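**Q** Before we start, here is the structure in question, set down as structure tokens.
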Amino acid sequence: MGGISGYGDFKGCINYGDITGVSNVGGLTGKFDGSVNCPNCSNYGNVHGETNVGGCVGFISGQYAQYAKGLSNSGNVTGIQYVGGILGTFRNSGSSTTMTFSQCQNSGHVTGDNAVGGLIGRLQYKASAFSDNTISGTIKGKTNVGYLYGLTEKTVTDDGTNVFTGEVVIEE
């Protein structure tokens, strides 16, 4: 379920509508296989789902190096697990796959139960890197909650250029 497409690529798009679904729910697209380089893509609508919920993309998978660059979200994002201001879940299948987030902006509030992040809810499998991202708003959840990401299974690199001006709240 997505504001622009349910599954697939998108370029130069803006979503103003609220999006509600169950799984793989995103303000721009629900599910995508590949890199997302869309500096002119923004979501302004609120996004609500249960699992793999993102302000821009619900779920990304791939087997090669992936990146999310220049995505913007200002809508509130709510879900149960794997909830992120930009991306709900990134899962890769390649042996050398990494995920790089750069120049993404999230100003919406992000709320969930498990794996809740200002940019991404869950990073699955390989290493990830974050640079030049801006996160504000409140990031709220019960377990695995963070301003960049909620849950990761591998190494994460923060190069120190990410800016967070919001609040992280751990609920009981």
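Read-outs throughout are calculated quantities, based only on the coordinates presented, and are distinct from any laboratory measurement. No experiment lies behind these values; they were computed from the predicted model shown. Heads up, the Cβs are rebuilt from the backbone with ideal geometry, glycines too, and the neighbour counts pull from every protein chain shown.
**Q** Per-residue HN-Hα couplings for segment 42-50, Karplus 6.51 cos²θ - 1.76 cosθ + 1.60 at θ = phi - 60°, whole Hz, x for Gly and Pro?
**A** 9, 10, 10, x, 6, 10, 9, x, 9
**Q** While we're on this one: Projecting each Cα onto the charge dipole of the chain (Lys/Arg +1, Asp/Glu -1 at the beta carbon, about the Cα centre), which of Gln81, Leu123, Tyr16 comes out farthest on the positive side?
**A** Toward the positive end, the furthest listed residue is Leu123.
**Q** Please return the longest stretch of the chain lacking exposed loop sites, where trypsin sites (Lys or Arg not before Pro) count only if DSSP places them in a loop and at most 16 other Cβ atoms lie within 10 Å.
**A** Segment 12-141 is the longest.
**Q** Sticking with this structure for a sec: Place a +1 charge on the Cβ of each Lys and Arg in segment 80-172 and a -1 charge on the Cβ of each Asp and Glu, then give the dipole magnitude about the Cα centre in debye, rounded to the nearest 20. Mind dumping the intermediate values first?
**A** On the way: 6 positive and 8 negative charges, 63 e Å.
Charge dipole of segment 80-172: 300 debye, to the nearest 20.
**Q** Also, I was wondering about something else. What is the count of Lys pairs in the chain whose alpha carbons sit under 18 Å apart, if the two are 8 or more places apart or on different chains? Walk me through the numbers before you get to the answer.
**A** On the way: Lys11/Lys31; Lys11/Lys69; Lys31/Lys69; Lys126/Lys154.
Close lysine pairs found across the chain: 4.
**Q** Once the other residues with Cβ under 13 Å from the Cβ of Asn144 are scored (Lys, Arg +1; Asp, Glu -1), what is the net sum?
**A** Working: positive: Arg122, Lys140, Lys142; negative: Asp113, Glu153, Glu171.
Net charge around Asn144: 0.
**Q** In whole Hz and in residue order, list the ³J(HN,Hα) couplings for segment 66-72 that follow from phi through the Karplus curve 6.51 cos²θ - 1.76 cosθ + 1.60, θ = phi - 60°; x for Gly and Pro.
**A** Using θ = phi - 60°, the values come out as 10, 8, 10, 10, x, 7, 9 Hz.
**Q** Here are a few candidate values for mean projected area of the Cα convex hull in nm²: (1) 18.4; (2) 7.7; (3) 10.0. Which one was actually calculated from the structure I just gave you?
**A** Given (1) 18.4; (2) 7.7; (3) 10.0, the calculated one carries the label (2).
**Q** Report, in debye and to the nearest 20, how large the dipole of the chain comes out about its Cα centre when Lys and Arg carry +1 and Asp and Glu carry -1 on their Cβ.
**A** Details: 9 positive and 12 negative charges, 69 e Å.
About 320 debye.
**Q** Once phi is turned into θ = phi - 60°, what whole-Hz ³J(HN,Hα) does the Karplus curve with 6.51, -1.76 and 1.60 give for every residue of segment 101-117, x standing for Gly and Pro?
**A** Karplus-based 3J(HN,Hα) across segment 101-117 equals 10, 9, 6, 9, 10, 10, 10, x, 6, 10, 9, x, 9, 10, 6, 10, x Hz.
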